[in-house]
């Protein structure tokens, strides 16, 4: 192999991996990786700063989706949105945490498959509604004397966020007009392969179904863990 | 036309308010540096493209150092006691759900029904919503409608809404800027040719003479490269160009549609496993006030790993369809 590929920029990846393994501050890891990658590609320090600055301005649309709903959600939380969601779910006796999250996974994945990706999301659905409801459904399993422990409570919240992600990722790729399909088509076309977007969306379905089945199984396991801890306390876990 | 610039201005003002509120908050142990951090971020949104790239780069490094040396802290704003929140929840009931659901509903209406609506300005007509950023602008409108409804239902002022937004931004802290900085790193990676180097290494050192090994290398390569880059869109061109097209399609005559669809989903398995995909994995951990910043990733591993295995099997079985 005698190509002119410069392998030095791979040092940037090494910095990222080492930084996360050493549990360094993520923001510092990113800046260090930026510096190392730039230097390894033989950019001057001014060139690196200019590249970073231009990219920082160009990508400033990214945080909007997180930031814009905060004022409304904050006001609703202040007025008791979480408490209302919890009271509503506690009234439904058959609602367990796992079943609730499986229903959310189903709705999220199906909606995303029809292109409705905005029906969900961490700031506007998971924090104010899904996670509090999942917690309340678990609390309802505990007898008045015992309490839902913090490790399990945090795990339920993490599973709520995970369910939103799984539903979104493996639903949206089945939607023909989604960006990923367009990207794949563009790249394959550049390599001289003409592929029908509908076929790519169609061949995503087996994986989308597998994702639903596997994640539902994990949510079912979460229900069993909640039941165990409700009956025997967190000491009896495992 | 309602354009993205309008929402940049709003977000800039929100960060400026966060900076000022923190500066005046005596309960914040690091009020000066915290205010500086959010003030600098406000400048990115308020000045935008008028900022020279070099200045923006210096600003980004300064923000990273402030965050990295733990100089960004939350204040302790007065919270409403739980009993008062319960009473309010009982009084308002399902009305509380209306503003929360308004966000997705308005976003959908904006990006479908109002897509081609134009407004008449006398001599020229222009689209109502910015066409290039339709979903984002629609979501911004949804958030504004939700804020108006929330103010009406809870009888609060928009200023109280800003205070609540500051409380949530404070609670997330530097996690708010991490996805943004990771996106910058991704762009720098492609400028420096990291993708080319990875494709070169994987294709030179992995034996592709067994079909199963080739399928596995393709799926695992997608996932691993996504773990590093934090984004499946960055991994797909590299691994599809390095393994998918030359080996799976070129040597084994796989159906390109199957290769592409399962390849992209393998990349998504990687997205579930990496702190580099901060907006999906790290920000929610901060948003849900979890002590372990990797809790969401840990919750996703039991789904991501079996699914990656399932993808390898599916690709192996379906590639000739």
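Below are the figures for this structure:
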item: Residue match in region A:84-102 (condition: more than 10 Å from chain B (Cβ to nearest Cβ), surrounded by fewer than 23 Cβ atoms within 10 Å (Cβ to Cβ), part of a helix (DSSP H, G or I) and touching a residue at least 60 places away in the same chain (Cβ under 8 Å)); result: yes
item: Of all residues in region A:18-33 being within 7 Å of chain B (Cβ to nearest Cβ) and not in a loop (DSSP other than H, G, I, E, B), the one that is surrounded by the most Cβ atoms within 10 Å (Cβ to Cβ); result: A:30
item: Scan of region B:286-297 for residues that are modelled with pLDDT of 95 or more and more than 7 Å from every other protein chain (Cβ to nearest Cβ), ordered by number; result: B:297
item: Pick from region B:215-230, criterion modelled with pLDDT under 90 and under 15 Å from residue B:199 (Cβ atoms), ranking: surrounded by the fewest Cβ atoms within 10 Å (Cβ to Cβ); result: B:228
item: Meets criteria (outside any helix (DSSP H, G or I) and free of Cβ contacts under 8 Å to residues at least 24 places away in the same chain) for residue A:146; result: no
item: Answer from B:156, B:148 - the residue that is in a loop (DSSP other than H, G, I, E, B) and at the interface with another protein chain (Cβ under 10 Å from one of its Cβ atoms); result: B:156
item: Residue in region A:214-233 that is under 23 Å from residue A:96 (Cβ atoms), assigned by TED's automatic domain parsing to the domain that holds residue A:118, at pLDDT below 85 and assigned to a helix (DSSP H, G or I) present; result: yes
item: Candidate set: region A:41-66, residues that are free of Cβ contacts under 8 Å to residues at least 40 places away in the same chain, assigned to a helix (DSSP H, G or I) and under 25 Å from the mean Cα position of the chain (by Cα); chosen: the one surrounded by the fewest Cβ atoms within 10 Å (Cβ to Cβ); result: A:58
item: Matching residues, region B:51-92, being part of a helix (DSSP H, G or I), modelled with pLDDT under 95 and more than 7 Å from every other protein chain (Cβ to nearest Cβ); result: B:82, B:83, B:84, B:87, B:90, B:91
item: Residue within region B:21-42 that is within 10 Å of another protein chain (Cβ to nearest Cβ), buried (at least 17 other Cβ atoms within 10 Å of the Cβ) and not in a loop (DSSP other than H, G, I, E, B) present; result: yes
item: Unique match (being in contact (Cβ under 8 Å) with a residue 60 or more places away in the chain and more than 10 Å from chain A (Cβ to nearest Cβ)) among B:177, B:220, B:184, B:162; result: B:220
item: When residues of region A:186-207 are limited to those that are part of a helix (DSSP H, G or I) and more than 8 Å from chain B (Cβ to nearest Cβ), the one modelled with the highest pLDDT; result: A:205
item: Selection within region A:166-185 - surrounded by fewer than 16 Cβ atoms within 10 Å (Cβ to Cβ) and either part of a helix (DSSP H, G or I) or facing chain B (nearest Cβ under 9 Å) (or both); result: A:179, A:182
item: Tabulated pairs, region B:262-290, first at positive phi, second part of a helix (DSSP H, G or I) and modelled with pLDDT of 95 or more, C-beta under 9 angstrom, 6+ apart or interchain; result: B:289/A:154; B:289/A:157
item: Any chance residue B:129 is under 22 Å from residue A:64 (Cα atoms) and more than 7 Å from every other protein chain (Cβ to nearest Cβ); result: yes
item: Residue A:157 vs. criteria touching a residue at least 24 places away in the same chain (Cβ under 8 Å) and facing chain B (nearest Cβ under 9 Å); result: yes
item: Scan of region B:251-277 for residues that are more than 7 Å from chain A (Cβ to nearest Cβ), assigned to a helix (DSSP H, G or I) and farther than 16 Å from residue A:163 by Cα, ordered by number; result: B:259, B:263, B:266, B:267
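The values are calculated or read from the model by the stated rules, or taken from the named source; none is laboratory data. Keep in mind that this is a model prediction, so the values were computed, not measured. Note that we place each Cβ from the backbone using ideal geometry, even for glycine, and neighbour counts take in every protein chain shown.
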